[in-house]
Amino acid sequence: MRLTRLFRRLAVAACAVAIARSAPAQTGAVDPSENAKMRIGPLALTPTLSMTNAGVDTNVFNEPESAGPKRDVTVTLQPKTDLWLHVGRSLVSGNITEDLVWFKRYSSERSVNNSYRVGLVVPLTRVTFGGSASYTRTRERPGFEIDGRARRAQWGVEGTAEFLALSKTYVGVRAARDRVDFDKDEVFRGSNLHDELTRTITAQAVTVRHQLTALTGLVFEVGKGKDRFPLSPLRDSESTTGAVTVKLDPFALIKGSARFGYRDYKPNDPRLPGFKGFTSQVDVNYVVLGATKLGIQVLRDVQYSFDVAQPYYLQTGVSGSLAQQIFGPIDVVARIGAARLDYRDRADAVVAAADRQDHVRTYGLGVGYHLGKDVRVGFNGDHARRTSPVADREYEGWRYGTALTYGF
């Protein structure tokens, strides 16, 4: 019944998009984004419908070889819409995403995931205010460590204010609050994830932003943060951070952002060691002559573990993709990635492997055919492997199948 209701919702959404697409453009409408595919008066939208992973997952539960990995046929359907709206000088932006994840045999792994985000920028003469709010309800894996598809909800709000101090330099403040709430019946390897990982994160920072060019900005930030676990106070912590971020406009040759910083992470419990060191968060794309696209992602920061004996780990990872148009409408995409999970032991705990390090390596290849400007059909194969000194934490598996992307 739940899947039937979702299909009905998708059908209604498709009809609405079709009507919007056929509506005539209104003269004098504000164009909030040159990337928008359609406009309804001052509202600009880019809706897409994707079918991914329409194929086989050879290790549905990320099990070690000794457990006999289970395979199944799986399909993920994702309708998504980005939108923008000018209200006077202010800009409202938003995103609506839904995922329908289906498995043929293992119905316990089926899910419907929802994600919503809205942002607002209000520019005045010398002061600019901004804010955003987001909500996600998902049953996807939280990361490299937890293999169960754990149901959880995440809320986030953020507010900013900037003052134009010099011709290209802004001084500002930022405050954010996030909440991660796992369902009460989510259990993984004997640990109740609601009790162990439900948490609230707050952060405040002072920022200085310098606009190097019309398309490139440099942001310096110093801040403090608190992580609070109401049912697992052992994990409570304080952090002091400093970072520099390069922000690249979507119209720049290189798109995305690159953040490099330093974090002084201090657990409140004296039995846990702290962390002082380099952190990073990079997500950039570079397009060459319209035929080659290179993407790089880097992440290094503290992540929380479900295991109370090793309550957190330092994740260091890098991944990349290279897409090349071969000839005409045919392209090839190659993907590769590696991540290391460095666990920190609680002083009085008995652990399976002291100072444990897990490694995750991924690679994949895809071939695509473009049926017009906004439709792509592809075939993908992706491999993932985790190695660990704890034998039953290792796994290996493939996901391969057809993908279809349709931009309205």
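Bear in mind that the values in this text are calculations on the coordinates, not laboratory data. All figures in this text were calculated on a predicted structure; none of them were measured in a lab. Cβ atoms come from the backbone with ideal geometry, glycine included; neighbour counts cover every protein chain shown.
The table below lists the values:
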quantity: Spin-label model distance (nm) - Thr58 vs Val75, 7 Å beyond Cα toward Cβ; calculated: 2.4
quantity: The stretch 312-408 - percent relative contact order, Cα under 8 Å, separation 6 or more; calculated: 22
quantity: Paramagnetic label zone (point 7 Å from Cα along Cα-to-C-beta, Tyr406; backbone N under 19 Å) in the stretch 46-81; calculated: 46-55, 75-81
quantity: Fewest-first sequence of Phe275, Phe327, Phe220 by Cβ atoms within 10 Å of each Cβ; calculated: Phe327, Phe220, Phe275
quantity: Estimated translational D of the stretch 67-204 in µm²/s (Stokes, Kirkwood radius over Cα pairs; 20 °C; 1.002 mPa s); calculated: 119
quantity: Within the stretch 325-386: Cβ-based charge dipole about Cα centre, in debye rounded to nearest 20 (Lys, Arg +1; Asp, Glu -1); calculated: 100
quantity: Dipole magnitude (debye, nearest 20) for the stretch 98-248, charges at Cβ of Lys, Arg, Asp, Glu; calculated: 300
quantity: Computed P(r) (all Cα pairs; the chain; 20 Å bins; percent); calculated: 21, 58, 21, 0
quantity: Model label zone, Gln211; criterion: amide N under 16 Å from point 7 Å along Cα-to-beta-carbon; scope the stretch 120-143; calculated: 121-130
quantity: The stretch 338-377: proportion of alpha-carbon pairs further apart than 15 angstrom, %; calculated: 65
quantity: Taking the C-alpha atoms of the stretch 167-299, convex hull volume expressed per residue in Å³; calculated: 149
quantity: Debye log10 I(q)/I(0) at q = 0.15, 0.16, 0.28 Å⁻¹ for the stretch 212-275, Cα point scatterers; calculated: -0.61, -0.65, -1.10
quantity: Residue (of Ser132, Ala338, Val298) at the positive-pole extreme of the chain, dipole from beta-carbon charges; calculated: Ser132
quantity: Residue-averaged [θ]222 nm for the chain, counting only DSSP H segments that reach four residues, each worth -39500 (n - 2.57); calculated: -2000 deg cm²/dmol
quantity: Hits among lysines - C-alpha to C-alpha of Lys70 under 28 Å, sequence gap 8 or more where chains match; calculated: Lys104, Lys184
quantity: Inverse of mean 1/r across different Cα pairs in the stretch 132-205, Kirkwood, Å; calculated: 14.5
quantity: Stokes-Einstein diffusion coefficient of the stretch 304-408, Kirkwood radius over Cα pairs, 25 °C, 0.890 mPa s, in µm²/s; calculated: 150
quantity: Tail beyond 14 Å, pair distance distribution of the stretch 33-72 (Cα, percent); calculated: 65
quantity: For the stretch 260-363: Kirkwood Rh in Å [reciprocal of mean 1/r, alpha carbons]; calculated: 16.1
quantity: Dimensionless Rg over Rh [the stretch 263-320; C-alpha; Kirkwood]; calculated: 1.21
